[in-house]
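K.L.:
Dropping a structure here in structure tokens format, bear with me for questions.
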Amino acid sequence: MPRPLPTAAEAAAILSRKRTRPQHRPPPVAGRGLRRLLKDLDEKFGQGPGALQARWREIVGAEIAKRTEPVKLTKPRGGGPSALEIRVAGASAALIQHQAPEIVARVNLFLGSGTVNKLRIVQGPLRNLTGPATKPPRRRTAPLDAAQEAELAKSLADAPDGPLKTALLSLGRGVLRRHAG
């Protein structure tokens, strides 16, 4: 025989004697717990090459940034200033070697005084070129004078109209401009 359900008064008495689980609380926000750890790590290890890569063009200037990119900061075991390793494109290494003291001074201005004391130059292809590659603006060429244009049109008068005639006119204009200039 099934057991009868308790009445409301009996249910209240049962619940008052039983211990209940504590209410579920959500976990703390991760940023709050990690903030102190990240601050300590930043003080100990500094900003690193990630900060340098993001602002390399501003730090060293456009001309040097075209030829170089920061690779890593290496701290010596005993502590002290770091060595900055930069990758240099092609034969620009000699030029960059002569500008090394200036580059170190600019990097120290960004990272803090005495952070970097020497530069290690490694030749190799640049992985991510800083800044967008821009094409030089296309120069607009001067039109032919009326006599040359008429002579060109007369020479192609017998050719049938169509893409071939248009291409020949364009070619003729280019040749005449080159010989005139």
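K.L.:
For an R0 of 22 angstrom, estimate the FRET efficiency from the Cβ-Cβ distance between His98 and Arg77 and round to the nearest 0.05.
P.N.:
Taking R0 as 22 Å, the efficiency between His98 and Arg77 is 0.15.
K.L.:
Oh, and also: What part of the accessible area of the chain, given as a whole %, is carbon or sulfur when the probe is 1.4 angstrom?
P.N.:
It is 57 percent, rounded to a whole number.
K.L.:
Expressed in nm to one decimal, what extension gain is obtained for the pair Gln23 and Gln53 from 0.36 nm per residue of sequence separation less their Cα-Cα distance?
P.N.:
Separation in residues times 0.36 nm, less the Cα-Cα distance, equals 6.0 nm.
K.L.:
Under a plain spin-label model, where a point goes 7 Å from the Cα along Cα-to-Cβ, how far apart in nm are Arg138 and Leu37?
P.N.:
Result: 5.6 nm between the two label points.
K.L.:
Give me the dipole magnitude in Debye, nearest 20, for the chain about the Cα centre, with unit charges on the beta carbon: positive for Lys and Arg, negative for Asp and Glu.
P.N.:
Charge dipole, the chain, about its Cα centre: 1320 debye, nearest 20.
K.L.:
Between His179 and Ala146, 0.36 nm times their residue separation minus their Cα-Cα distance comes to what?
P.N.:
Between His179 and Ala146, full extension yields 10.3 nm more.
K.L.:
For Rg and Dmax of the Cα atoms in Å, one of (i) 37.0, 119; (ii) 18.4, 59; (iii) 15.9, 48 was computed from the structure I shared and the rest are decoys. Which label?
P.N.:
(i)
K.L.:
Moving to a separate point now. Given only helices, namely DSSP H runs of n ≥ 4 each adding -39500 (n - 2.57), what is the per-residue ellipticity at 222 nm of the chain, to the nearest 500 deg cm²/dmol?
P.N.:
-14500 deg cm²/dmol
K.L.:
Mind giving me the nanometre distance, one decimal, between the label points for Ala12 and Leu109, set 7 Å out from Cα along Cα→Cβ?
P.N.:
Between Ala12 and Leu109, the simple spin-label model gives 7.9 nm.
K.L.:
Hey, which lysines would be in cross-link range of Lys39, C-alpha to C-alpha under 23 Å, not counting anything within fewer than 8 residues on its own chain?
P.N.:
Lys72, Lys75
K.L.:
Would you mind working out the accessible area per residue for the chain, using a 1.4 Å probe, and quoting it in Å²?
P.N.:
82
The values are calculated or read from the model by the stated rules, or taken from the named source; none is laboratory data. Note that the structure is a prediction, hence the values are computed from the model and not measured. In this analysis, Cβ positions are derived from the backbone assuming ideal geometry, glycine residues included, and neighbour counts consider all displayed protein chains. Side chains are part of the model used for accessible areas, which takes the heavy atoms of the whole protein and leaves out ligands, DNA and RNA. Shrake-Rupley method; radii C 1.70, N 1.55, O 1.52, S 1.80 Å.
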